[in-house]
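Q: Quick one: the structure is below, and I'll ask about it shortly.
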Amino acid sequence: MIGSYIVDQCLEKGCTVVIVDSLVVAVPTKENELREVPVYTKAQQEKYGAKVDLRIGKMQDREFMRKALQGVEYVFHLAAQGGFQRPFSPYFDSNITGTSVMFDIIWEENKNGTKNVPVKKIVAASSMAMYGEGSYKRKNDGKIIHAKQYRKKEQFEKQQWEYRCPETDEVCEPFPITEDHPGNGTSAYAMSKQLKEKMCFAFGQELGIDICMLRYSLTYGPRQSLHNPYTGMISIFSSLIMNDKAPTVYEDGNQMRDFVFVSDNAAANIACMESANANGKCFNISTGKGTSVATLATFLIKAFGKEKTLKTAFPGSFRVQDCRDMVLDSSALKKATGWAPTITFEQGVQKQVDWVLEEKKKGEVIKDYFTEATAKSGLVHTAESDAKRRKMA
Ligand SMILES: NC(=O)c1ccc[n+]([C@@H]2O[C@H](COP(=O)([O-])OP(=O)(O)OC[C@H]3O[C@@H](n4cnc5c(N)ncnc54)[C@H](O)[C@@H]3O)[C@@H](O)[C@H]2O)c1
């Protein structure tokens, strides 16, 4: 989704764009099945003709990447396997092998001074997931804690949801995360993004390429997949509501997330590509404002006009690798490039709802892929699933 907006904004600036995408559906039941070329990519090709060159293939494929990178000067690198499902290895295959093949090709194609692949700068997508748990403020003395670990399972089992200070056990307030948080995410996806950051900086330095890494906050908007049950809270809740099912919220629903609209994210990517101040840096892309997951669910039920028939479900379920609060401070990005978000949460979510309704009108079948995929994943704890696990042990 996000890449398509970067393409739009690059084309508007008169650039020629090569798009690399495997178009493989990231849903286990349909693994390796090719998606059709998205409608917006077709529209971009029709409008901009030879200025858009879509190449379908995987970043791990060396010869495919060699051809795709010929003559390319600036790279926005977003291709990645996202989510938290099993198995573990696809995250490293896509997000680490794929990225290192790109650097291999740049090295191979330039080592004899031929400059066939004259890449000058790479702006690459990291993720808020790399932080693991968020940052918090201790209420009694105002101390800021960059959490080193997720909350303990025993805490979840007691349905104590708030983050607690590991030294004093007091409940802490969410605090916007700055880029100096060390990053302790332990999911395969989070670790692949942490390693990707290190790898891009190290290989970029060796090959003389400017690098900027961007830690995206939850990014949403029209074109977000309505078929992937693992990414995109707004898409997941929307597909449940469209199927007359209540959006199910983990914990007590008061966990905070920072939702940034997709065109704002794309504009931040472009600002970082254009600004030398961004070279060699990592930035958060975010609004700096927290919205609770329960607020999002209520907003969506109302926006789809289902407030008379649907209510958010709070079954007390949880996932042990979920952070409690994740609000990101983007003031460093603003200072370096002048970028600031322009779309409010309410405006952005309404735009996405309007798009979902439009897609349905055009004949898109919006199914609930989430319920079955969640049950199969075994990652969501409920009172019943935990009792069953204990019985089987
Ligand atoms: N959307 C978010 O909330 C969010 C948050 C943090 C980080 N990110 C990061 O932003 C980037 C874009 O995310 P998005 O939301 O647009 O997701 P998306 O799934 O819409 O786009 C990712 C694209 O990458 C492609 N892809 C995956 N592995 C590939 C590979 N090995 N080779 C070629 N293509 C491959 C997929 O086919 C897909 O079209 C990703 O790197 C993601 O990790 C997204």
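Q: Based on alpha-carbon positions alone, could you give the equivalent ellipsoid semi-axes of the stretch 245-382 from the gyration tensor, as √(5λ), descending, whole Å?
A: Numbers: eigenvalues 194, 80, 42 Å².
Square roots of five times the eigenvalues give 31, 20, 14 Å.
Q: Can you give the convex hull volume of the alpha carbon atoms of the stretch 143-196 per residue, in Å³?
A: Working: hull volume 5.5 nm³, N = 54.
Cα-based convex hull of the stretch 143-196, divided per residue, equals 102 Å³.
Q: Now for a separate question. Run the numbers on the chain and let me know its relative contact order in percent, using alpha-carbon pairs under 8 Å that are six or more apart. Walk me through the numbers before you get to the answer.
A: Working: 704 pairs, mean separation 70.8, N = 393.
Once normalised by length, the contact order is 18 percent.
Q: Can you sort H181, H77 so the residue with the fewest Cβ neighbours within 10 Å comes first?
A: Details: H181 22, H77 19.
Ordered from fewest to most neighbouring Cβ atoms within 10 Å, H181, H77 come out as H77, H181.
Q: Taking θ = phi - 60°, what integer Hz values does the Karplus form 6.51 cos²θ - 1.76 cosθ + 1.60 yield along the stretch 328-336, in sequence order, with x for Gly and Pro?
A: These are the phi-based 3J(HN,Hα) values: 10, 8, 10, 5, 5, 5, 4, 5, 6 Hz.
Q: May I ask you to sort T337, T374 by Cβ crowding, counting other Cβ atoms within 10 Å and putting the fewest first?
A: Values: T337 22, T374 18.
The fewest-first ordering by Cβ neighbours comes to T374, T337.
Q: Nearest 5 is fine: what % of DSSP beta bridges in the chain come out antiparallel, could you say?
A: Details: 12 of 39 bridges.
Percentage antiparallel, nearest 5: 30.
Q: Divide by every residue of the chain the summed helix terms, -39500 (n - 2.57) for each DSSP H run of at least 4, and state the resulting mean residue ellipticity at 222 nm, rounded to the nearest 500 deg cm²/dmol. Can you show the working numbers first?
A: Working: 14 runs with 147 residues, N = 393.
The helix contribution divided over the chain gives -11000 deg cm²/dmol.
Q: Taking the radius of gyration and the Kirkwood hydrodynamic radius from Cα positions alone, what is the Rg/Rh ratio for the stretch 1-134, to two decimal places? Don't skip to the end; give the middle numbers.
A: Numbers: Rg = 15.7 Å, Rh = 16.1 Å.
Ratio of gyration radius to Kirkwood radius for the stretch 1-134: 0.97.
Q: Which of the listed residues, G185, G378, G290, is farthest toward the dipole's positive end in the stretch 2-392, when Lys, Arg count +1 and Asp, Glu count -1 at the beta-carbon?
A: Checked the options; the winner is G378.
Q: By how many nm would the segment from K153 to L207 grow when fully extended, if each residue of separation counts as 0.36 nm and the alpha-carbon distance is taken off?
A: So the extension gain works out to 15.0 nm.
Q: If you fit an axis through the alpha-carbon atoms of helix 345-361 and take the longest principal axis of the Cα set of the chain, what angle between them do you get, 0 to 90°, nearest 10?
A: Helix 345-361 and the main axis of the chain meet at about 80 degrees.
Q: Calculate the FRET efficiency for K361 and K302 from the Cβ-Cβ distance with a Förster distance of 30 Å, rounded to the nearest 0.05.
A: Values: r = 20 Å, r/R0 = 0.66.
Plugging the Cβ-Cβ distance into 1/(1 + (r/R0)^6) gives 0.90.
Q: If the elastic network links every pair of Cα atoms under 10 Å, which of T114, T97, T231 fluctuates the most in the Gaussian network model of the chain?
A: T114
Q: Enter the Cα centre distance for the pair the stretch 151-218 and the stretch 238-297, rounded to the nearest angstrom.
A: 15 Å
Q: Considering only Cα-Cα distances, which of the following residue pairs are longer than 19 Å: K306/K360; K308/K362; K281/K334? All intermediate terms of the calculation are to be shown ahead of the outcome.
A: Working: K306/K360 16 Å; K308/K362 26 Å; K281/K334 13 Å.
Violating the 19 Å Cα-Cα cut-off are K308/K362.
Q: Taking the alpha-carbon distance from K115 and a cut-off under 21 Å, which lysines remain once sequence neighbours fewer than 8 residues away in the same chain are dropped?
A: Within the straight-line cut-off, K115 pairs with K67.
Q: Got the relative contact order for the stretch 1-143 handy, in percent, Cα pairs under 8 Å and 6 or more residues apart? Display every interim value, and only then the final one.
A: Numbers: 149 pairs, mean separation 31.1, N = 143.
Relative CO of the stretch 1-143 lands at 22 percent.
Q: Calculate how steeply helix 262-274 sits against the longest principal axis of the alpha-carbon atoms of the chain, using the helix alpha-carbon long axis, and give the answer as 0 to 90 degrees to the nearest 10.
A: Once rounded, one gets 40 degrees.
Q: Taking 0.36 nm per residue of separation and subtracting the Cα-Cα distance, what length does fully extending S89 through A276 add? Please report the intermediate quantities before stating the final value.
A: Numbers: separation 187, 0.36 × 187 = 67.32 nm, distance 3.51 nm.
63.8 nm is the gain from fully extending S89 to A276.
Q: Right, another one. Once you have the alpha carbon radius of gyration of the chain, what is it after dividing by 2.2 N^0.38 Å, with N set to its residue count? Show your work: numbers first, answer last.
A: Values: Rg = 21.2 Å, N = 393, 2.2 N^0.38 = 21.3 Å.
That ratio works out to 1.00.
Q: Is there a pair in K196/K376; K47/K367; K13/K42; K121/K198 whose C-alpha atoms are over 23 Å apart, and which pairs would that be? Could you put the intermediate results ahead of the total?
A: On the way: K196/K376 29 Å; K47/K367 31 Å; K13/K42 19 Å; K121/K198 16 Å.
The answer is K196/K376; K47/K367.
Q: Tell me, in nm to one decimal, what length is gained between V37 and R319 on full extension, where the rule is 0.36 nm per residue of separation less the Cα-Cα distance?
A: So the chain would gain 98.1 nm between V37 and R319.
Q: Sticking with this structure for a sec: Any idea what angle helix 293-303 forms with the longest principal axis of the chain, computed on alpha-carbon atoms, 0 to 90 degrees, nearest 10?
A: Taking Cα atoms only, the helix is inclined about 80 degrees.
Q: Taking θ as phi - 60°, what are the ³J(HN,Hα) couplings along the stretch 308-324 by the Karplus curve (6.51, -1.76, 1.60), each to the nearest whole Hz, with x for Gly and Pro?
A: Whole-Hz 3J(HN,Hα) from phi for the stretch 308-324: 7, 10, 10, 10, 4, 9, 10, x, x, 7, 7, 10, 5, 9, 8, 6, 6.
Q: Rounded to two decimals, what ratio of Rg to Rh does the stretch 306-348 give with C-alpha atoms and a Kirkwood Rh?
A: Dividing the radius of gyration by the Kirkwood radius yields 1.17.
FYI, it's all coordinate maths here, none of it is from the lab. Predicted, not measured: the structure shown is a model, and the values here were computed from it. Using ideal geometry, Cβ is built from the backbone for each residue, glycine included, and neighbour counts are taken over all protein chains shown.
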